[in-house]
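Quick notes on the structure that follows.
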Amino acid sequence: MAEITAAIVKELREKSGAGMMDCKKALTEANGDLEAAVDWLRKKGLATAAKKAGRVAAQGLVALKTTDKEGVVVEVNSETDFVSKNELFQNYVKSVAEVALKGNGDVETLKTTAFADGKDVQGALTDLIAKIGENMSLRRSAKVSVNNGVVVGYMHSSIADGLGKIGTLVALESTGDKAALEKLAKNLAMHVAAAAPVCLNVEDVPAEMEEREKNVVKDQIKEEQAKTGKTKPADVIEKMMVGRIRKFHEEIVLNEQFYIMDDKKKVKEIVAEAAKEVGAPVTLKAYVRFALGEGIEKKSEDFAAEVAAAMGNK
């Protein structure tokens, strides 16, 4: 049996939103496997699907830069939030975004791109580390573009022009009215920041994620039948499966999500209806969402007293 530590109980609580004792039991049942414990909680109806890892600890800045038909987002991490307020660091991150706009979105290529004073992007960052005295890293970059249409960005929790904690881009392909397209793209970029979709279309959902959800749903239905003592017909179970997977898609797929500015309509419906206003068909071609530190975990030594108590630790 794997050791169930206070740390992993705390992490599961943050990730699932379930109660402390339920988390402890889930981890015991899952032999300490965090993801299996999340599934166990969901099967028991004690937690909802987690789209992203709950623990975010990295500091730094996200930057975005757009032209009419292109846009980039980059993330540069630091050890402390204090560095994000440093003018040298802010100027560096802004300049990296400008350089990235001329590239193809690949972060490794970006690192070796010419920057300033005869150095490449990574070399300039090495110099900055020496000046500020804190470790930093250029973590990721992404680029979107259109042939006809617009690319619009939105920065949430902005601390300066084009710099902040959550940066999004939306690319709309269309020959229609540019001003109307830009308005729609801005609203969609705000939606992306708030709704945090995992992918653009249903067919883009990772096969492993889809299969895992189906297994969870199957076990949920089994649990429900066991509680009621009634077995549902196969066709009813199939309809339940289809309905719950559809709901899952509505949570994680951008085109299937309900639009934050009109929760009676899905994003794909809003985009289709926009054709009337812009005077031409509109296609939501791509989006990007970078949340600072997303998916990066940092060891924590400060566990809540209640967790330690529940685990029997002193």
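Only Cα pairs under 8 Å and at least 6 apart count here; give the relative contact order of the chain as a rounded whole percent.
22 percent
Past 30 Å, Cα to Cα: identify those pairs from Lys65/Lys285; Lys10/Lys143; Lys85/Lys268; Lys10/Lys232, in the order given.
Lys10/Lys143; Lys85/Lys268; Lys10/Lys232
Regarding segment 62-142, what is the average projected area of its C-alpha convex hull, in nm²?
Hull-based average projected area comes out at 4.9 nm².
With a 1.4 Å probe and every protein chain left in place, work out the accessible area per residue of the chain in Å², rounded to a whole number.
Ligands and nucleic acids excluded, the result is 51 Å² per residue.
I need to check one value: relative contact order of segment 137-273, counting alpha carbon pairs closer than 8 Å and at least 6 residues apart, in percent.
18 percent
Label the chain by shape, choosing from rounded, prolate and oblate, from the square roots a ≥ b ≥ c of the eigenvalues of the Cα gyration tensor; if a/c is under 1.5 it is rounded, and otherwise prolate applies when a/b is larger than b/c, oblate when it is not.
oblate
So, with a 1.4 angstrom probe, what is the percent of accessible area on segment 195-301 that is carbon and sulfur?
On segment 195-301, the fraction of accessible area on carbon and sulfur atoms equals 53 percent.
Kindly provide the Kirkwood hydrodynamic radius of segment 96-177 in Å, to one decimal, from all pairs of distinct alpha carbon atoms.
This gives a value of 14.6 Å.
In whole Å, how far is the Cα centre of segment 238-266 from that of segment 1-44?
27 Å
Determine the share of segment 37-187's accessible area contributed by carbon and sulfur atoms, expressed in whole percent, with a 1.4 angstrom probe.
About 47 percent, which is the carbon plus sulfur part of the accessible surface.
What whole number of Å gives the distance from the Cα centroid of segment 137-152 to the Cα centroid of segment 81-128?
16 Å
The values are calculated or read from the model by the stated rules, or taken from the named source; none is laboratory data. Everything numeric in this text was worked out from a predicted model, so none of it was measured. All accessible areas refer to the heavy atoms of the entire protein, side chains included, with ligands and DNA or RNA removed. Shrake-Rupley method; radii C 1.70, N 1.55, O 1.52, S 1.80 Å.
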